[in-house]
Structures are given as structure tokens and as C-alpha cells.
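Trainee: Quick one: the structure is below, questions incoming.
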Amino acid sequence: MGKQHRPNIPGAGSSGMMAQLARLQEEMQRAQRELEEETVTATSGGGAITIVMTGGQQVRSVRISPEVLQQADPDLLGDMLTAAFNQAVKASKDLAQQKLGPLMP
């Protein structure tokens, strides 16, 4: 007699794939939790403004030096804050890519 042909049934023999997906999901969740705890720091104005942000892009702190406040130049302060926030967001995204990138297909 000839070989019997077995149809390819989705899900049949896929327990290994399901286990692999479960492990990947666990690793992703762990990496996301780590991102919520890890921080990046960005500065502008020669250190006059400092932003600390998590890898999940939550701002932890904003520090403005007293000297900047004494100068009372709202435009300059706004520019420095914008620059520091933009740097913090970029650094946060870079950290997320570093943590999550290897887990993506």
C-alpha cells in the first residue's frame, strides 16, 4: 500500500510553538516592567535643566537651576525645557528599543 497523506491541521503538534509564544510573552512583560523602573536623564542649558524619565516615558523629575529662574527669561526657559524633554523622550525610546528590540521578530 502507498503512504497515507495526513492533512495539515492547524494546532496539531503546535504545543512547542504555544510554549515558545508564552515564553516570549513573559519576556516581553518582564522587559516592560524593567522599562518602568529604569530611568534616563537628559539635560540642556549646560545642566541648567535636568529631566529624569522612565523607559516607559513617565517623567520622574524636572530640575531647574535657581540661576535660570533668576534670569526670568521665559523664552529661554521654554527652549531649554523643550530641548531637555525631547532628549529624554529620545533616550527613553532608545532604551525601550534596546530592551524590546531583541524580542521582536
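Trainee: Counting Lys +1, Arg +1, Asp -1, Glu -1, what net charge surrounds G45 among other residues with beta carbon under 12 Å of its beta carbon?
Mentor: Neighbour charge sum, excluding G45 itself: -2.
Trainee: Tell me, what is the FRET efficiency for M18 and Q97 to the nearest 0.05, using R0 = 35 angstrom and their Cβ-Cβ distance as r?
Mentor: The pair M18/Q97 has a calculated efficiency of 0.80.
Trainee: Over all alpha-carbon pairs in the stretch 66-105, figure out the percentage whose distance exceeds 13 Å.
Mentor: 63 percent
Coordinate-derived values only; no laboratory data. Everything numeric here is computed off the predicted structure, so don't read it as measured data. Methodologically, a virtual Cβ is constructed for each residue, glycine included, from the backbone with ideal geometry; neighbour enumeration extends over all protein chains shown.
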